[in-house]
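Working notes for the structure below.
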Amino acid sequence: MEQIKINDQITIQKMNDHYCLVKNKKDDKLVELCFYSVVDALAYSAERNYV
């Protein structure tokens, strides 16, 4: 699985044909939002000040 670490709590993970923002909280993983391209996911994370 392709994975890009944004910060300590947020990663972008490739799931099927989508790139999803995943919040990692202790033992849980919460999919926040998915995009068709990694560029869109990175742009969204920058807009939300995750970077």
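Straightening the chain between HIS18 and GLU47 buys 8.5 nm, computed as 0.36 nm per residue apart minus the Cα-Cα spacing. In plain terms, the bigger the Kirkwood radius, the slower the diffusion; for the chain, with that radius from Cα pairs, at 37 °C and 0.692 mPa s, Stokes-Einstein puts D at 307 µm²/s. For the chain, carbon and sulfur atoms together expose 48% of the accessible surface, with a 1.4 angstrom probe and every protein chain in place.
Put simply, the amide H of LEU33, placed in the peptide plane, has neighbours under 5 Å in LEU21, leaving out anything fewer than 5 places away on its chain.
Of the GluC sites (Glu not before Pro) found in the chain, those in coil by DSSP whose Cβ has at most 10 other Cβ atoms within 10 Å are GLU2. Per residue, the chain exposes an accessible area of 76 Å² to a 1.4 Å probe, with every protein chain left in place. Considering only alpha-carbon pairs that sit under 8 angstrom and 6 or more positions apart, the relative contact order computed for the chain is 28 percent.
The values are calculated or read from the model by the stated rules, or taken from the named source; none is laboratory data. Here the structure is a predicted model, which is why all the values come from computation and not from measurement. Counting neighbours? That spans all protein chains shown, and the Cβs are built from the backbone with ideal geometry, glycine included. Just the protein is used for accessible areas: all its heavy atoms, side chains included, with ligands, DNA and RNA removed. Shrake-Rupley method; radii C 1.70, N 1.55, O 1.52, S 1.80 Å.
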